[in-house]
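Asks: This is the structure, below, for whatever I ask next.
The values are calculated or read from the model by the stated rules, or taken from the named source; none is laboratory data. Since this is a predicted model, take the numbers as computed values, not measurements. Here the Cβ positions follow ideal geometry from the backbone for every residue, glycine too, while neighbour counts run over all protein chains shown. In case anyone asks, the SASA skips ligands and DNA or RNA and just uses the protein heavy atoms, side chains included. Shrake-Rupley method; radii C 1.70, N 1.55, O 1.52, S 1.80 Å.
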Amino acid sequence: MARERRSKTEVIAAKIDLIDEKINGYANKIAGLQDQKEELQKELEELVAAEKKAEEEAQLKELMMIMKEKNISVSELKTMVEDKN
């Protein structure tokens, strides 16, 4: 059996088809990576918010401890702050 030769046009068209397949594959990979990136960004934002909240809670706890040690009420602290301004 003799092999038929493809014309130059057919060869080029086949190469274009292969390139299109690769482009589609890369586009799918990019879309998947973008989804992963978005998930990681959301997770990062949640972690940053949780860290900020924990820091604020720690500062409030420290302030409450100082107020308790110095026997200062909330209204007294409020008056001190207002007088300072």
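Asks: Which of the listed residues, 64, 48, 33, is farthest toward the dipole's positive end in the chain, when Lys, Arg count +1 and Asp, Glu count -1 at the beta-carbon?
Replies: Farthest along the dipole direction, towards plus: 33.
Asks: Rounded to the nearest 10 degrees, what's the angle between the helix 8-69 long axis and the longest principal axis of the chain, both from Cα atoms, 0 to 90?
Replies: That helix lies at roughly 10 degrees to the long axis.
Asks: Continuing with the same structure: Specify the angular offset, from 0 to 90 degrees and rounded to the nearest 10, of the alpha carbon long axis of helix 74-84 from the longest principal axis of the alpha carbons in the chain.
Replies: Computed tilt is about 90 degrees.
Asks: Across the chain, how many lysine pairs, 8 or more positions apart or on different chains, have C-alpha atoms separated by under 25 Å? Please give the number.
Replies: 22
Asks: Right, something else. So what is the calculated 222 nm ellipticity per residue for the chain, using -39500 (n - 2.57) for each DSSP H run with n of 4 or more, over all residues, to the nearest 500 deg cm²/dmol?
Replies: Computed ellipticity for the chain at 222 nm equals -31500 deg cm²/dmol.
Asks: Once neighbouring chains are kept in place and the probe is 1.4 Å, which whole percent of the accessible area of the chain is contributed by carbon and sulfur?
Replies: 56
Asks: Considering the values (i) 1.03; (ii) 1.69; (iii) 0.99, which represents Rg/Rh (Cα atoms, Kirkwood Rh) as calculated for the structure under consideration?
Replies: So the structure-derived entry is (ii).
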